[in-house]
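Before any comments, here is the structure.
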Amino acid sequence: MGTIIEEIFSKKLGRKVKAGEIVICDIDYIMSHDNTTPLAIKAFSEIGKLILNKNKIVIHFDHAYPAPNIIVANNHKKIRDFVNVQGLKNFFRKGVCHQVMIEEGFVTPGSVIIGGDSHSNTYGAFTALGAGFGSTEIGVSWITGKTWFKVPQTIHIILSGSLQKGVYAKDVMLHIAKILTMNGATYKSVEFSGEFIDNLPMHERIIFPNMSTEIGAKCGLIKTDQTTINYLKNQTNAKGPFEIIVPINPIYEREIEINVSKLDPQVACHPKVDIVKPISELNNIQIDEVFIGTCTNGRYEDLEIVASILKGKRVSENTRVIITPASKRIYDKCLENGLIKIFNESGCIVTGFGCGACIGRHGGILADNENAFTTMNRNFTGRMGSPKAKIFLGSPAAAAATALAGKITDPRIIVGEIDE
């Protein structure tokens, strides 16, 4: 019938749907977090009607939890009171909302999920329509259980080849951001496919829909395959059977083919995600803080890469190195398998699970004129604290190598693939 986004809407509405149509669609889950729920409560209260289906509402504390100041503490109390009064059951304090949504089984192929967070696109790694919405729309959807969409056109990105050692999916996505720019996919659906995607594990696939936000996309999507199904069965609380959703005779607005085989580690340079350079062009930039975590690269496998590089070594005395696992489940696994001990012994600071320093509210705020190297998905001015600070984005391996040297460093130097 069409592209993945057309397939999702067609199955949901029970009729053939094409790009450009305006549709009103039932929502499977409505997600918000401590940063966006208070305004959703305000909109809901002003309308003055009842919640349609309490089981569809999912609320998380993650962006500033535990509360770092009185304002946040009062917002948390407001949300807790609302949850109790309304009798909401899906209330989580287990880490980054997107990671917990996946772990708890809310994300399955063909589902439609709107979130009060711009990186709700993340769910597209599991062939779910995840889209970020404003808090007012979240509050309205609590009442109606529906929302409207303009079915987007689709850009198809076909990835082939295999990466050099020391180069990762994050590097590929940053390269895509450079090609398309931050506005190159505005209100488009972006499909990621090809042999490279087919061979990726889920923790690497997730990066592409997650960062489709950074190229302006309404959503990022990857077709369902056995890797998807196995992960849902073995790594989440999702209950099958699961739909298999793939494009059928799709018509794309545009197709882009990229061979990743010769790609070097990439870095997004302050203050835009699409200012991307090979890491070799940025050697010797001193870094005051390395932050490893977030909904992009705070998963166990990411932290395992970091631990393999840091084990038996000490990070630079001049660099703060902060590691924040994305969820409690990931934190527990790191603790069980000795990763947290490695981080502590190497001189890192390991925080509780959640968003951490990502939005500059707590957990590693930057001072004036400081440089940070992070595994985040955004590097806008003032994102992590001072508007006079600079933020660079790269892979967990690049972050670990940078932590050891105290300056931006190609991880291939550490793993012995190239000479310094």
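Any read-out appearing in this document is the output of simple, stated calculations on the displayed coordinates, not a laboratory observation. Owing to the predicted nature of the structure, the values given are computational and were not obtained by experimental measurement. Positions of Cβ are generated from backbone atoms using ideal geometry, with glycine treated the same way; all protein chains shown enter the neighbour counts.
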With the dipole of the chain worked out from charges on the C-beta (+1 for Lys and Arg, -1 for Asp and Glu) around the Cα centre, which of 162, 39, 276 lies farthest toward the positive end? 39
I'd like the Karplus ³J(HN,Hα) series for the stretch 346-354: coefficients 6.51, -1.76, 1.60, θ = phi - 60°, whole numbers in Hz, and an x wherever there's a Gly or Pro. 8, x, 7, 9, 9, 9, x, 6, x
Test item: Cα-centred dipole of the stretch 266-414, Lys/Arg +1 and Asp/Glu -1 on Cβ, debye: 160
Pairs from 56/94; 328/388; 89/328; 272/388; 188/388 whose Cα-Cα separation, in the structure shown, is over 24 Å: 328/388; 188/388
With charges set only on the Cβ (+1 for Lys and Arg, -1 for Asp and Glu), what does the dipole of the stretch 159-309 come to about its Cα centre, in debye to the nearest 20? 240
Could you tell me the distance between the Cα centroids of the stretch 222-287 and the stretch 354-382, to the nearest Å? 23
Taking the Kirkwood radius as the inverse of the mean 1/r across Cα pairs, report the Rg/Rh of the stretch 111-233. 0.99
Which order do the peptides 333-345, 353-365 take when ranked by the mean count of other beta-carbon atoms within 10 Å per residue, highest first? 353-365, 333-345
Please arrange 143, 197 by how many other C-beta atoms lie within 10 Å of their C-beta, fewest to most. 143, 197
Let me know the charge dipole size of the chain about its Cα centre in debye, to the nearest 20, where only the beta-carbon of Lys, Arg (+1) and Asp, Glu (-1) is charged. 1200
Fewest to most Cβ atoms within 10 Å: 393, 159 sort as 159, 393
So who's got an amide H within less than 5 Å of the one on residue 406, skipping anything under 5 residues away but keeping other chains? H placed 1.01 Å off N, in plane. 316
I'd like the Karplus ³J(HN,Hα) series for the stretch 129-136: coefficients 6.51, -1.76, 1.60, θ = phi - 60°, whole numbers in Hz, and an x wherever there's a Gly or Pro. 7, x, 9, x, 10, x, 5, 4
Show that you can apply the helix-only estimate: for the chain, add -39,500 (n - 2.57) for every DSSP H stretch of four or more residues, divide by all residues, and state [θ] at 222 nm to the nearest 500. -9000 deg cm²/dmol
Kindly identify the stretch 289-420 as rounded, prolate or oblate by the Cα gyration tensor criterion: order the square roots of the eigenvalues as a ≥ b ≥ c, call it rounded if a/c is under 1.5, otherwise compare a/b with b/c, prolate if a/b is larger, else oblate. oblate
Amide H contacts under 5 Å for residue 321, restricted to residues at least 5 apart in sequence or on another chain and with H modeled in the peptide plane, are 290, 349
Where a ≥ b ≥ c are the square roots of the eigenvalues of the C-alpha gyration tensor, would you call the stretch 222-322 rounded, which needs a/c under 1.5, or, failing that, prolate if a/b is larger than b/c, or oblate? oblate
Cα gyration tensor, the chain - rounded (a/c under 1.5), prolate or oblate: oblate
Could you pull out every residue, at least 5 positions away or on a different chain, whose amide H is within less than 5 Å of the one on residue 255? Hs are placed 1.01 Å off N in the peptide plane, and Pro or chain starts have none. 156
Of 53, 297, 307, which is farthest along the charge dipole of the chain in the positive direction, counting Lys and Arg as +1 and Asp and Glu as -1 at C-beta? 53
Going from the fewest other Cβ atoms within 10 Å to the most, one would list 267, 276 as 276, 267
